[in-house]
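Below is one structure, written out as structure tokens, with a few remarks after it.
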Amino acid sequence: MVCRHLKTLSVQERQRLLSQISDYLLFRDAVNAFLSEHFENICTQKCYQSKISACCSRDGIITFFGDVLVNVLVSNGTEIKALARVLKNPNDGFKCIYLGDHGCMWRIKPIICEMFLCDPAEESVFKKKPMTNKLWLELKQREKHYRWPDRPVLFDDLEKYFMAEGYSSPLMYLNNSPGLLRVKELAKKSNHK
Ligand code: SF4
């Protein structure tokens with residue numbers, strides 16, 4: 001759906017969308033740099049090489065519509081085709097279907113996946129380098145500014161942009177999930193006090 005719609009947009013409109021997500025992409029670069037510096041070794045050794053990849057077999061992974069749109073905007077045709085191809089495979093339910101031979105197949109993986117660290121990894125790194133815990137909490141705080149709707153956030157704007165074009169998707173959680181709608185409602189009330 002996202003690919004189909006993006007194909008109908010003018011170059012200028014596509015550029016506008018890219019500039020709308022540019023700050024978010026910088027944030028993702030910062031998270032990526034942090035994880036590469038402090039967690040890459042432990043995750044590669046303990047989980048990836050052993051093919052456990054436990055974080056990619058959890059039940060609680062959700063993907064937001066904004067995740068899909070951001071990824072499609074920055075991916076090339078070959079990458080998108082590869083994602084579409086695995087979607088057609090039967091899912092044995094053991095690992096996420098997007099976990100390929102070289103790791104996650106998304107160029108910009110879903111935010112929930114990116115911000116997940118398992119307890120053993122956290123314990124091992126944060127204990128040795130307490131400063132990393134503080135940095136991680138700061139990144140978690142920044143993450144909220146893109147997807148937690150107690151204020152205007154990018155992921156909400158991206159959903160609304162597609163809704164205004166007549167699209168709807170079960171991944172539009174910021175406009176459908178009762179929990180997140182309640183967050184919006186409470187934020188509105190507290191702003192009016
Ligand atoms: S989308 Fe990528 S990072 Fe997230 S669970 Fe699937 S393979 Fe893992």
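What FRET efficiency comes out for the pair GLU138/ARG58, r = Cβ-Cβ distance, R0 = 30 Å, nearest 0.05? Could you put the intermediate results ahead of the total?
Working: r = 24 Å, r/R0 = 0.80.
That pair, GLU138 with ARG58, gives E of 0.80.
Which lysines does LYS81 reach when only Cα atoms under 23 Å apart count, and residues fewer than 8 places away in its own chain are ignored?
Straight-line reach from LYS81, under 23 Å: LYS7, LYS95, LYS109.
Any lysines with Cα under 20 Å of the LYS184 Cα? List them, leaving off those in the same chain fewer than 8 positions away.
LYS140, LYS144, LYS160, LYS193
Would you report the distance distribution of C-alpha pairs in the stretch 2-192 as whole percents per 5 angstrom bin, up to the bin with the largest distance?
Reading the bins upward from 0: 1, 6, 14, 18, 19, 17, 13, 8, 3, 1, 0.
Tell me the carbon and sulfur percent of the accessible area for the chain, rounded to whole percent, probe radius 1.4 Å. Write down the numbers at each step before the final one.
On the way: 6620 of 11890 Å².
Roughly 56 percent of what the probe reaches on the chain is carbon or sulfur.
In Å², and per residue, what accessible area does the chain have when probed at 1.4 Å with the other protein chains present? The partial results should precede the final answer.
Working: 11890 Å² over 193 residues.
Value returned for the chain: 62 Å² of accessible area per residue.
What does the charge count near MET163 come to, summing +1 for each Lys or Arg and -1 for each Asp or Glu among other residues with Cβ under 11 Å from its Cβ? Walk me through the numbers before you get to the answer.
On the way: positive: LYS160; negative: ASP156, ASP157, GLU159, GLU165.
Neighbour charge sum, excluding MET163 itself: -3.
The values are calculated or read from the model by the stated rules, or taken from the named source; none is laboratory data. The structure presented is a predicted model; accordingly, all values stated were derived computationally and were not measured. FYI the Cβ positions are ideal-geometry reconstructions off the backbone, even for glycines, and counts take in every protein chain you see. Note: accessible area is taken over every heavy atom of the protein model, side chains too, but ligands, DNA and RNA are not part of it. Shrake-Rupley method; radii C 1.70, N 1.55, O 1.52, S 1.80 Å.
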